[in-house]
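Engineer: Just passing along the structure, written as structure tokens.
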Amino acid sequence: MSSVFLMVVFVLSLLYLLVKYRTTLKNIGIGPLIGVVALMVISLVAASLTFYYGGQWVGETIENIYLLVIVQFVILLAVIVVFLGILTKILKSLSDYE
């Protein structure tokens, strides 16, 4: 359940980045725009795969259910922070470039 919640938070965060940098995305050319969209799709797929396979791997190794939920939550939160940090830096550099 926590992984579904974190995935929804991740998608909402991606939408927030799109709204926050919409003027930048409108002003850049088609090439960089395709690159930004591709990076967002790749990060969404990579985060989903990490959520699923990371959760499965942790689930097999930890038997205590409470500890399992805490560890999965921490791993998934770290994945979200890393991917959103990368995307934010890219979008910020595009907005500074203009």
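Engineer: In degrees between 0 and 90, to the nearest 10, how far off the longest principal axis of the chain does helix 65-97 point, with axes built from Cα atoms?
Structural biologist: The helix 65-97 is inclined about 10 degrees to the chain.
Engineer: How much length, in nm to one decimal, is gained on full extension between residue 93 and residue 52, taken as 0.36 nm per residue of separation minus their Cα-Cα distance?
Structural biologist: Working it through step by step, the gained length comes to 11.7 nm.
Engineer: Can I ask one more? Using a 7 Å offset from the Cα along the Cα-to-Cβ direction at both residue 22 and residue 61, what is the distance between the two label points in nm, to one decimal?
Structural biologist: My value for the distance between the label points is 4.3 nm.
Engineer: Whole-Hz ³J(HN,Hα) for each residue in region 23-35, computed from phi via Karplus 6.51 cos²θ - 1.76 cosθ + 1.60 with θ = phi - 60°, x for glycine and proline: what do you get?
Structural biologist: Listing the rounded values in order: 5, 5, 5, 6, 8, 7, x, 5, x, x, 5, 5, x Hz.
Engineer: For the chain, what is the calculated [θ] at 222 nm in deg cm²/dmol (nearest 500), taking -39500 (n - 2.57) for each run of four or more DSSP H residues and dividing by its residue count? Write out the running numbers ahead of the final one.
Structural biologist: Details: 4 runs with 90 residues, N = 98.
My calculation for the chain gives -32000 deg cm²/dmol from helical runs alone.
Engineer: Normalized C-alpha radius of gyration of region 1-53, against 2.2 N^0.38 Å? Working shown, then result.
Structural biologist: Details: Rg = 12.9 Å, N = 53, 2.2 N^0.38 = 9.9 Å.
That works out to 1.29 for region 1-53.
Engineer: Continuing with this model, one more query. Take the alpha-carbon positions of the chain, form their convex hull, and give its projected area averaged over all directions (one quarter of the hull surface) in nm². Walk me through the numbers on the way to the answer.
Structural biologist: Details: hull surface 24.3 nm².
It is 6.1 nm².
Laboratory data are not the source of any read-out in this text; all were calculated from the coordinates shown. Nothing here was measured: the structure is a model prediction, and the numbers come from that model. Counting neighbours? That spans all protein chains shown, and the Cβs are built from the backbone with ideal geometry, glycine included.
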